[in-house]
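Comments concern the structure below.
The values are calculated or read from the model by the stated rules, or taken from the named source; none is laboratory data. This is a predicted model, so every value here is computed, not measured. So basically every Cβ, Gly included, is an ideal-geometry build from the backbone, and we count neighbours across all protein chains shown. In case anyone asks, the SASA skips ligands and DNA or RNA and just uses the protein heavy atoms, side chains included. Shrake-Rupley method; radii C 1.70, N 1.55, O 1.52, S 1.80 Å.
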Amino acid sequence: NLYRRAVVPRSCPRADRVLAVSEFTKKQIVEFLPVAPERIRVTYQGVEPVERAPEEPPSMEEPPFILALGAHDPRKNTERIIRAYAGLKRSGAIEPKLRIVGLRRWRSSSFYRLACDLKVERDILFQDYVPDAELARLYASARCFVYPSLYEGFGLPPLEAMLAGTPVIASAASSIPEVAGDVPVYVNPTSTESIQEALLKVLHEPNGRRSLIERGRAQAARFRWETTAAQTLSAYQEAFHNHQ
């Protein structure tokens, strides 16, 4: 944050080209920094399959679960995910457990205390950081992936989940619709009820689920690091030729 406040506002106006990871980010740069739009190039990020961790033995099979990436950063909306899930679980509307991955020191976190207060601590599986291979396995094993983030410059996790063949519930905010297209079930990230409705739709409509999986893989396949590299090289070449 200190670097962004001290360096970025000074360096961006001097740059021949500025790279943005989405059209949404480009608009933010134009809004908050004195950079002309014609000097900004959008270079979308890429997504690639990751070799999955070995499956667990049949005797240790996991119960069905919903996957979410947790974070203490409020924009990741972890608290609202827990509240939405707890309401459905306590009413008996859904069966799968909720697995929240990437939450450091979760035992002492406000999110674990919230789960205890809502009496769903046995239904929510908290985990710290997991390696990429394990995360790939969790993506592929989950009933769905929930990502109601309040703000993203790009939003890579929904693409990772779609590439793994998992239905995605995502926020209809910031860059996410631009990147994920019309594939996810979109929610209002500030509405617990909206997240609950999306969970019920994805978990209880098998025909719609198959469509989400097929269209998700096709959408994720559009974002390749080779394309990112080519777009980045083109921006460098433009900047170089401006000085010829």
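Would you tally the residues in segment 70-82 being crowded, with 16+ Cβ neighbours inside 10 Å and basic (Lys, Arg)?
The total comes to 2.
Count of segment 110-130 residues, restricted to those that are over 16 Å from Ile66 (Cβ atoms), among the aromatic types (Phe, Trp, Tyr) and not in a loop (DSSP other than H, G, I, E, B), is 1.
Condition first: open to solvent by less than 10 Å² (accessible area, probe 1.4 Å) and under 15 Å from the mean Cα position of the chain (by Cα). Can you find one or more residues in segment 216-230 that meet it?
yes
Restricting segment 131-175 to residues that are of a type in the set (D, E, K, R) and in a loop (DSSP other than H, G, I, E, B), the residue that is most open to solvent (accessible area, probe 1.4 Å) is Arg143. Of all the criteria given as (1) touching a residue at least 40 places away in the same chain (Cβ under 8 Å); (2) more than 23 Å from Ala198 (Cα to Cα), the one not satisfied by Ser109 is (1).
Test Ile94 against the criterion of being touching a residue at least 40 places away in the same chain (Cβ under 8 Å) and either open to solvent by 30 Å² or more (accessible area, probe 1.4 Å) or touching a helix residue (DSSP H, G or I) at 6+ places or on another chain (Cβ under 7 Å) (or both), and give yes or no. Yes; evaluated as a whole, the condition is true for this residue. Scanning segment 219-244 for residues that are outside any loop (DSSP other than H, G, I, E, B) and free of Cβ contacts under 8 Å to residues at least 24 places away in the same chain yields a total of 6.
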